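Trainee: Have a look at this one.
What follows is calculated from the coordinates using simple rules that are stated; it is not laboratory data. Since the structure is predicted, the reported quantities are computational estimates derived from the model, not experimental observations. Quick reminder, even Gly has a Cβ in these numbers, built from the backbone with ideal geometry, and neighbours come from all protein chains shown.
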Amino acid sequence: MTYAVHEPKTHNQHGPHAHDAGDSGQEGRSHDHRGRPDRQPPDDDHAKERLISTLDTLGIAASSLCLVHCLAMPLVIGFLPLLGWQFLEGHRAHVILAGFVLTFALTAVVPGYLKHRRRDILLMMSLGLLLVLSATFALPESWELPTITVGNLILVATHWRNRMMHKCTDHSH
């Protein structure tokens, strides 16, 4: 979508903006280069895009942190008490990480979907969240590591794809 910069309307029929003159019933509104009312101000769209991009970045970070936590835990669990970090080995840490993963997936991918309408991205998010939440709350411990690993990898790919699709739908910059 492109946006045109508009100067105040004038009723001077002989000036450079004579096509803007007259009583169109839309004085004070912003119009695109074809004379149609603009949908949203460019600054508003740009702010939304930056927010979704930031939330996708945070979602990638949260899923990656969850992934690293789950993969590294078997290797570092013996050192945690020495460092005073034994809280990282408990179920509470998994619940907190899953909460971040869920929050960033919903707040980045859903608004992105509303803009790009790519169902595959929404389905990938749903599958990734299903795996992460199942591993955190429902599956036996022997299934936790492989399930949460696959779920977080899917979510990282989903955030990345959402971010790329969201940028592709913006043609004003």
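Trainee: Order the peptides 123-135, 85-97 from the highest to the lowest mean number of other Cβ atoms within 10 Å of their residues. Write out the running numbers ahead of the final one.
Mentor: Details: 123-135: 19.2, 85-97: 14.0.
Top to bottom by mean Cβ count within 10 Å: 123-135, 85-97.
Trainee: Hey, another quick one. For residue 118, what residues show an amide H to amide H distance below 5 Å, using hydrogens built from the backbone and excluding near sequence neighbours?
Mentor: Correct list: empty.
Trainee: Note the full-extension length gain between residue 96 and residue 153 as 0.36 nm times their separation in residues minus their Cα-Cα distance, in nm to one decimal. Could the numbers behind the result be given before it?
Mentor: Working: separation 57, 0.36 × 57 = 20.52 nm, distance 1.81 nm.
Result: 18.7 nm gained on full extension.
Trainee: Jot down the radius of gyration and Dmax of region 46-117, Cα atoms only, both in angstrom.
Mentor: 15.6, 49
Trainee: Quick one: what are the phi-derived ³J(HN,Hα) couplings along region 111-126, Karplus 6.51/-1.76/1.60 with θ = phi - 60°, whole Hz, x for glycine and proline?
Mentor: Taking θ as phi minus 60°, the curve returns x, x, 4, 4, 8, 8, 6, 8, 5, 4, 5, 5, 5, 4, 4, 4 Hz for region 111-126.
Trainee: Also: Test of understanding: extend the Cα→C-beta vector of residue 143 to 7 Å, then name every residue of region 105-131 with backbone N under 19 Å from that spot.
Mentor: Within reach of a label on residue 143, which here means backbone N under 19 Å from a point 7 Å along Cα→Cβ, region 105-131 contributes 126-131.
Trainee: Would you mind computing, in nm to one decimal, how far apart the modelled labels at residue 83 and residue 47 are, each placed 7 Å from Cα along Cα→Cβ?
Mentor: Result for the modelled spin labels: 4.0 nm.
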